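Undergrad: Handing you this structure, nothing more for now.
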Amino acid sequence: MTAILIRVLGRLPVGWLQLQHNRTRLLAAVGGVTFANVLIFMQLGFMNALFETSVLTHRTFDADIVLVSSDFRSLREANPLPRSRMYQALAVPGATDSLPVYLATMTWTDPATADTTNFRVIGVVPEGPVFVDTEIQQQVARLREPDTALVDRRTRDFSRAITTGINRDGEFLIESLGKQLKLRGIFSQGASFDVDGSLVVSEQTFLRLFANRIPGTPSLVLLHCAADCDCQKLAAAINDQSPEHDVRALTKQQFIDAEQSYQSRQTPIGFVFGFGVVIGLIVGLVMVYQVLSTDVQDHLAEYATFKAIGYGSRYFLAIVFEEAVCLAALGFLPGLVISLALYALAARATALPITMPWTRPMLVLSLTIAMCVISGAIATRKLNAADPADLF
Amino acid sequence: MNNSLSRTGSVPAIAVQGLCHDFGTGEAKVRVLHEVDLTIQRGEVVILVGPSGSGKTTLLTLIGCLRSLQTGSVKLLGQELNGASPATLIDMRRRLGFIIQAHNLHKSLTAMQNVRMGLEVHGAAGLTNWQAACQQALSLVNLGERLDFLPEKLSGGQKQRVAVARALVGNPEIVFADEPTAALDRENGRVVVELLRDLANQRQTTVLMVTHDHRILDVADRIIKMEEGHVVDDRSIDESIITTDLEEANA
């Protein structure tokens, strides 16, 4: 390691040699950086899972443009909109077809285990192209039969009895909201922070389940554009022609962005995870600062001697930054390994897609280096105390 | 020793004129140097003596570019230090060697690495044949067998000799030494001062040394005596005055 650093730096790696000399202190510092890394990785993992799972349903809709109520912030709180707006939108040149979608949540308690599952219920027109996911779309026709549903196999704590029942008998009966529902098909979507999984039902079944919902007031309307049509311009045109301004037309990407923006900026959970990242950085910063400032303090006499023989301030800054980067690198690797293990554990426990994209280690390494370098920069203030005149 | 650093001209190594220095401010201000004049030629070995508080350490730090000048002039190797920029002072320090009582070897570096620090200060040029230069410097102070030892594995005297090697490995033009033999036994003390004498003879290195060790006075060309911030005596070495001077100084 020392030989490599000599090659890279073109000088003795005094910072690294200093760190290496006091193994206990090095271990404590690396532990601190590792801890900060794990904290940051976990917060980013959860935050990403929040953002990704919050738009799982959005992504699966087959639409170019989505009509939502004008106060739309999140799918969870999507207010109904008049169905007449769907027909008005269809009248705008470029819009080819449209489908209403109804949304609500429903809890089901498994009588065998007494576990309660919170489902997002998606009411769709069985004849239409509703989903881009072919696994769901191919099964939508089964929903023509009243009181049937498709269930998400990646529902949190999904009961194996459901899969067994559907595979063996073709259906699995559940009871909720005082009604029986036949689960006739399975698809794969995933849990999110606010629901455990999804059920897809027909429009009619939806309205039977949720008797308080007024027919003709869908939660969303999915629109398709003509092949040669600019979706953004079409959405703008629909918005311009909306007589009451009680609905908004969003492109599919705007629809996804709106949800993620809401989750990150307007929900406490988005703030909590963002704050967690900052706390991780501060914890790491304080720990690295403690180690580096103690190290500078311990070597003031040696630094004063080096100053006397002609080393300038930049040399000492380089030593401290060299230590900072060494600590960042040494703390990062175990932090990454521990985080990967914790991701697997957390994903299994929560059914959330907590994964490690390749860009995240790069981001965390950059943050760690920045954190260590800032700590080092603060610690270098003590270097001024190394006065070579005091040597005599 | 590294021969890459060139000598310049024939101006005096050290020329001090009207040098005054104060510590403190306002009513607490104390003058520690009074109108000091001093010239030391290249290749001279000069010993500075005087009682504690006489100003010799302050003089050494001012001439050694370790403290800013207030009044007067110090020309080091022809370069005026009064008003010189910090960068100039740092450049100048690279041409000097310091041997100090508190050797301050870097405790994480081996003897070789500590000595290498005396070369690295000169950049890439200083590192040509660094291994041979460092080994030679350590061998000259009888530490050829301790190259890879950390300071914690060396005795006080051995550490002091590593510091001497570090000061001399860059082939300095002036060596400032503060009690260079204080931590050394007679034999190794002799090795160090004879090394300094040889440098003066062979390379015209100037040596300015503060010492109370009368065993090493014979290597000096001159003895300068200071009292209360004044140079009170400055004469060429004479066996007859050595004992008297030192006895007075130590008293």
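Undergrad: For region B:54-68, name all the residues that are part of a loop (DSSP other than H, G, I, E, B) and either within 13 Å of another protein chain (Cβ to nearest Cβ) or buried (at least 24 other Cβ atoms within 10 Å of the Cβ) (or both).
TA: B:GLY55, B:GLY64, B:CYS65, B:LEU66, B:ARG67, B:SER68
Undergrad: Then there's this: Among the residues of region A:62-84, which ones are open to solvent by 40 Å² or more (accessible area, probe 1.4 Å), in contact with a strand residue (DSSP E or B) (Cβ under 7 Å, 6 or more places away or on another chain) and polar (S, T, N, Q)?
TA: Within region A:62-84, A:SER70, A:ASN79 qualify.
Undergrad: Consider only pairs whose beta carbons are under 8 Å apart and that are at least six residues apart or on different chains; among these, list those whose first residue lies in region A:118-130 and is more than 9 Å from A:VAL201 (Cβ to Cβ) and assigned by TED's automatic domain parsing to the domain that holds A:ALA191 and whose second residue is among the aromatic types (Phe, Trp, Tyr) and open to solvent by 10 Å² or more (accessible area, probe 1.4 Å).
TA: A:PHE119/A:TRP108
Undergrad: Would you mind finding the one in A:VAL132, A:VAL124 that is open to solvent by less than 20 Å² (accessible area, probe 1.4 Å) and over 15 Å from A:LEU183 (Cα atoms)?
TA: So the residue among A:VAL132, A:VAL124 that is open to solvent by less than 20 Å² (accessible area, probe 1.4 Å) and over 15 Å from A:LEU183 (Cα atoms) is A:VAL124.
Undergrad: Condition first: away from chain A (no Cβ under 14 Å) and either among the aliphatic types (A, V, I, L, M) or in contact with a Leu (Cβ under 8 Å, 6 or more places away or on another chain) (or both). Now tell me which residues in region B:148-192 satisfy that.
TA: Hits for region B:148-192 are B:LEU154, B:GLY157, B:GLN158, B:ARG161, B:ALA183, B:LEU184, B:VAL191, B:VAL192.
Undergrad: Which count do you get for residues in region B:33-53 that are out of contact with any Cys (no Cβ under 9 Å at 6 or more places or on another chain) and assigned to a strand (DSSP E or B)?
TA: Residues flagged as out of contact with any Cys (no Cβ under 9 Å at 6 or more places or on another chain) and assigned to a strand (DSSP E or B) within region B:33-53 amount to 9.
Undergrad: Is it true that A:LEU12 is in a loop (DSSP other than H, G, I, E, B) and within 14 Å of chain B (Cβ to nearest Cβ)?
TA: Yes, satisfied.
Undergrad: Next question, about the same structure. What number of residues within region B:203-232 satisfy the criterion of being outside any loop (DSSP other than H, G, I, E, B) and at pLDDT 90 or above?
TA: The qualifying residues number 14.
Undergrad: From the list A:THR355, A:THR380, A:THR368, which one is within 30 Å of B:LEU66 (Cα to Cα), more than 14 Å from chain B (Cβ to nearest Cβ) and β-branched (Val, Ile, Thr)?
TA: A:THR380
Undergrad: I've got another one for you. Working carefully through the options B:LYS29, B:LYS75, find the one that is basic (Lys, Arg) and under 19 Å from the mean Cα position of the chain (by Cα).
TA: Matching residue, one of B:LYS29, B:LYS75: B:LYS75.
Undergrad: Just to verify a result, which residue in region B:106-138, among those that are among the hydroxyl-bearing types (Ser, Thr, Tyr) and open to solvent by less than 60 Å² (accessible area, probe 1.4 Å), is nearest to the other protein chains (Cβ to nearest Cβ)?
TA: B:SER108
Undergrad: Next question. So for region A:20-38 (the condition being more than 37 Å from the chain's Cα centre (by Cα) and open to solvent by less than 30 Å² (accessible area, probe 1.4 Å)), does at least one residue qualify?
TA: Within region A:20-38, not a single residue is more than 37 Å from the chain's Cα centre (by Cα) and open to solvent by less than 30 Å² (accessible area, probe 1.4 Å).
Undergrad: Can you tell me which residue within region A:358-385, out of those that are open to solvent by 60 Å² or more (accessible area, probe 1.4 Å) and polar (S, T, N, Q), is nearest to A:GLN297 (Cα to Cα)?
TA: The residue in question is A:ASN384.
Undergrad: Next question. Considering only residues that are surrounded by 14 or more Cβ atoms within 10 Å (Cβ to Cβ) and touching a strand residue (DSSP E or B) at 6+ places or on another chain (Cβ under 7 Å), which ones fall in region B:36-50?
TA: Within region B:36-50, B:VAL36, B:LEU38, B:ILE40, B:ARG42, B:GLY43, B:GLU44, B:VAL45, B:VAL46, B:ILE47, B:LEU48, B:VAL49, B:GLY50 meet the criteria.
Undergrad: Could you go through region A:330-344 and let me know if any residue there is more than 14 Å from every other protein chain (Cβ to nearest Cβ), open to solvent by less than 30 Å² (accessible area, probe 1.4 Å) and farther than 30 Å from A:LYS382 by Cα.
TA: Yes - at least one qualifying residue is present in region A:330-344.
Undergrad: Of all residues in region A:119-148, which are part of a helix (DSSP H, G or I) and small (Gly, Ala, Ser)?
TA: Within region A:119-148, A:ALA141 is the sole residue that qualifies.
Undergrad: When region B:69-103 is examined, which residues are found to be of a type outside the set (A, V, I, L, M), within 13 Å of another protein chain (Cβ to nearest Cβ) and open to solvent by 30 Å² or more (accessible area, probe 1.4 Å)?
TA: Those that are of a type outside the set (A, V, I, L, M), within 13 Å of another protein chain (Cβ to nearest Cβ) and open to solvent by 30 Å² or more (accessible area, probe 1.4 Å): B:SER85, B:PRO86, B:THR88, B:ASP91, B:ARG94, B:ARG95, B:GLN101, B:HIS103.
The values are calculated or read from the model by the stated rules, or taken from the named source; none is laboratory data. Bear in mind that the values here come from a model prediction, so they are computed numbers and not experimental data. Heads up, the Cβs are rebuilt from the backbone with ideal geometry, glycines too, and the neighbour counts pull from every protein chain shown. Protein only, heavy atoms only, side chains kept; ligands, DNA and RNA dropped before computing areas. Shrake-Rupley method; radii C 1.70, N 1.55, O 1.52, S 1.80 Å.
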